[in-house]
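Asker: Take this structure first; my questions come after.
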Amino acid sequence: MATNINFNKILGVKKIAISIKSSSIDPDAQAFITAAAITDPTQQSAINTLVVGLKADNLWTKMKAIYPIVGGTASQHKYNLKDPQDLDSAFRLQFNGGITHSANGMLPNGVNGYANTYFLPSTQIANADSFHFSVYSRTTLGPFVPAFDIGASIITGIDNDDFANAETNAFYFIQYFGSTVVKNGFYSATASFIDPTSLGLYVGNRNSTGNITAYKNGVLKNTGSLGPSGLAYCPMLLMGASVYYPDLYPNPNDWSASVGKRQLAFATIGVGLSNTDNTNLYTLVQAFQTTLSRQV
Amino acid sequence: MIEVGLLTIEQKDLLLGQQYATDSYFNPIQDLDNNWVISTEEIEQNTNENFNWLTNLELIEYKPKEVKIL
């Protein structure tokens, strides 16, 4: 709530007006609102409440990128709440291919639509054993539809087109055969769980406790064994996952995109999260979505 | 059945790095038969007058390349 205090004094012939405005909008929320040209008061309030909550729960500093995906257009959805500059280095999204933007989020076409975050895990994550990524999905798919939501993947050990001995250094979510699969590290680092509806907040996590974990709506769904640490050097994508084959292509920029099919309404990338962090994050994100009338 | 717009190699080259709407870039891809194609969303949402010819593209059935999952 804004507070306005006006002092008017007549000093001789001079009238001095002093106006002090105290705004309740968090400065980081305001920076995002300004950059993304968010004019709707409900959306502004939702963003501010989200930022204040993330800070109160000590989640803000654990995030490298936060995508609220609010406003309804590509030009508004592209901004990173943590650094709302229109720069690749600020992890501003670049949208490629067919994507439908709306007040409910961004929906890839499942053919060629995805967003490049420009976030390279190998350079942005200091500790390979402290890493998380999340998405809020508003779409449930059929049981035999592979769909990548976020990720980056390096696949090695390919002999021509023979993948028999291939290994992956991957970080991604995928819904596949009615399950959600989380990879966070090398091939052996996998956590998956039966997931027929694929709606809500998904978090893939790796932390110093020695395991990778998969959360849905703040609830721990499965724990995977911790394989060798590794960080991909191709960019994290949203509504897709980058895939790079160093044995086939010498240039690391020659990655390709495996695309997604689910409508996303929120996403984060950051350091590893605790159980409490996951509970708090879900509470905040679900409140955010509810304020925007797009919760699932 | 998903349909996509069939591109020539020259048309594909024209689209690379170009926006079809504000902050949205064309993304030509190759299908299972190595045809260059773009999605109907890019055709329908295009506001770039330089690419009005997209509405005349032949639409073909989309046959995706196999996704390798490890």
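Asker: Given the criteria over 24 Å from residue A:108 (Cα atoms), without any contact (Cβ under 8 Å) to a residue 24 or more places away in the chain and polar (S, T, N, Q), does residue A:49 qualify? Steps first, please.
Answerer: Working: over 24 Å from residue A:108 (Cα atoms): yes; without any contact (Cβ under 8 Å) to a residue 24 or more places away in the chain: no; polar (S, T, N, Q): yes.
No: the conditions fail for residue A:49.
Asker: Another question, then. Is the stretch A:141-148 home to any residue that is within 21 Å of residue A:288 (Cα to Cα), at pLDDT below 95, buried (at least 23 other Cβ atoms within 10 Å of the Cβ) and under 19 Å from the mean Cα position of the chain (by Cα)?
Answerer: Looking only at the stretch A:141-148, we keep the residues that are within 21 Å of residue A:288 (Cα to Cα), and these are none.
Among the residues of the stretch A:141-148, not one is within 21 Å of residue A:288 (Cα to Cα), at pLDDT below 95, buried (at least 23 other Cβ atoms within 10 Å of the Cβ) and under 19 Å from the mean Cα position of the chain (by Cα), which makes the answer no.
Asker: Right, here's the next one. Surrounded by fewer than 24 Cβ atoms within 10 Å (Cβ to Cβ), outside any helix (DSSP H, G or I), charged (D, E, K, R) and more than 14 Å from the chain's Cα centre (by Cα): is that true of residue A:247 in this structure? Step through it out loud before you land on a result.
Answerer: Working: surrounded by fewer than 24 Cβ atoms within 10 Å (Cβ to Cβ): yes; outside any helix (DSSP H, G or I): yes; charged (D, E, K, R): yes; more than 14 Å from the chain's Cα centre (by Cα): yes.
Yes.
Asker: Does residue B:50 count as free of Cβ contacts under 8 Å to residues at least 40 places away in the same chain, part of a loop (DSSP other than H, G, I, E, B), more than 10 Å from chain A (Cβ to nearest Cβ) and of a type outside the set (A, V, I, L, M, F, W, C)?
Answerer: Working: free of Cβ contacts under 8 Å to residues at least 40 places away in the same chain: yes; part of a loop (DSSP other than H, G, I, E, B): no; more than 10 Å from chain A (Cβ to nearest Cβ): yes; of a type outside the set (A, V, I, L, M, F, W, C): yes.
Taking the combined requirement at face value, the residue does not satisfy it.
Asker: Would you mind telling me which numbered condition in (1) surrounded by 15 or more Cβ atoms within 10 Å (Cβ to Cβ); (2) in contact (Cβ under 8 Å) with a residue 40 or more places away in the chain; (3) within 12 Å of chain A (Cβ to nearest Cβ) residue B:61 fails?
Answerer: (1)
Asker: Residues of the stretch A:81-113 being within 8 Å of chain B (Cβ to nearest Cβ) and aliphatic (A, V, I, L, M), which ones? Give the derivation first.
Answerer: Filtering the stretch A:81-113 for residues within 8 Å of chain B (Cβ to nearest Cβ) gives A:94-100, A:109-113.
Selection gives A:99, A:111.
Asker: Another question, then. If you scan the stretch A:149-166, which residues turn out to be in a loop (DSSP other than H, G, I, E, B), at pLDDT 70 or above and not hydrophobic (A, V, I, L, M, F, W, C)?
Answerer: Applying the first criterion (in a loop (DSSP other than H, G, I, E, B)) to the stretch A:149-166 yields A:157-158, A:160-161, A:163-166.
Filter again for at pLDDT 70 or above, leaving A:157-158.
Across the stretch A:149-166, the qualifying residue is only A:157.
Asker: Just checking, which of A:116, A:127 is more than 15 Å from residue A:265 (Cα to Cα) and either in contact with a Leu (Cβ under 7 Å, 6 or more places away or on another chain) or facing chain B (nearest Cβ under 8 Å) (or both)? Quick ask: steps written out before the conclusion?
Answerer: Details: A:127 fails: either in contact with a Leu (Cβ under 7 Å, 6 or more places away or on another chain) or facing chain B (nearest Cβ under 8 Å) (or both).
Result of the check over A:116, A:127: A:116.
Asker: To continue, here is another question. Checking residue B:6 against (1) outside any strand (DSSP E or B); (2) more than 12 Å from chain A (Cβ to nearest Cβ); (3) surrounded by 11 or more Cβ atoms within 10 Å (Cβ to Cβ), only one condition comes out false. Which one?
Answerer: Looking at each condition in turn, residue B:6 falls short on (1).
Asker: Related question: Give me a count of the residues in the stretch B:1-55 that are of a type in the set (A, V, I, L, M, F, W, C), within 9 Å of the chain's Cα centre (by Cα) and within 21 Å of residue A:94 (Cα to Cα).
Answerer: 6
Asker: Just to be sure, is residue A:276 under 24 Å from residue A:56 (Cβ atoms), free of Cβ contacts under 8 Å to residues at least 60 places away in the same chain and not acidic (Asp, Glu)?
Answerer: Details: under 24 Å from residue A:56 (Cβ atoms): yes; free of Cβ contacts under 8 Å to residues at least 60 places away in the same chain: yes; not acidic (Asp, Glu): yes.
For residue A:276, the condition - under 24 Å from residue A:56 (Cβ atoms), free of Cβ contacts under 8 Å to residues at least 60 places away in the same chain and not acidic (Asp, Glu) - is met.
Asker: Here are some conditions: (1) closer than 30 Å to residue A:181 by Cβ; (2) surrounded by 12 or more Cβ atoms within 10 Å (Cβ to Cβ). Residue B:33 meets all but one. Which one does it not meet?
Answerer: Of (1) closer than 30 Å to residue A:181 by Cβ; (2) surrounded by 12 or more Cβ atoms within 10 Å (Cβ to Cβ), only one is false for residue B:33: (2).
Asker: Of these, A:205, A:116, which one is more than 19 Å from residue A:62 (Cα to Cα) and modelled with pLDDT of 85 or more?
Answerer: Criteria check complete, one pass: A:116.
Asker: Criterion first (under 20 Å from residue A:170 (Cα atoms), surrounded by 15 or more Cβ atoms within 10 Å (Cβ to Cβ) and of a type outside the set (Phe, Trp, Tyr)) does residue A:259 satisfy it? Spell out how you get there, then give the answer.
Answerer: On the way: under 20 Å from residue A:170 (Cα atoms): yes; surrounded by 15 or more Cβ atoms within 10 Å (Cβ to Cβ): yes; of a type outside the set (Phe, Trp, Tyr): yes.
The answer is yes for residue A:259.
The values are calculated or read from the model by the stated rules, or taken from the named source; none is laboratory data. A quick note: this is a predicted structure, and the numbers were derived from the prediction, not measured. No Cβ is skipped: glycine too gets one built from the backbone with ideal geometry, and neighbour counts run over all protein chains shown.
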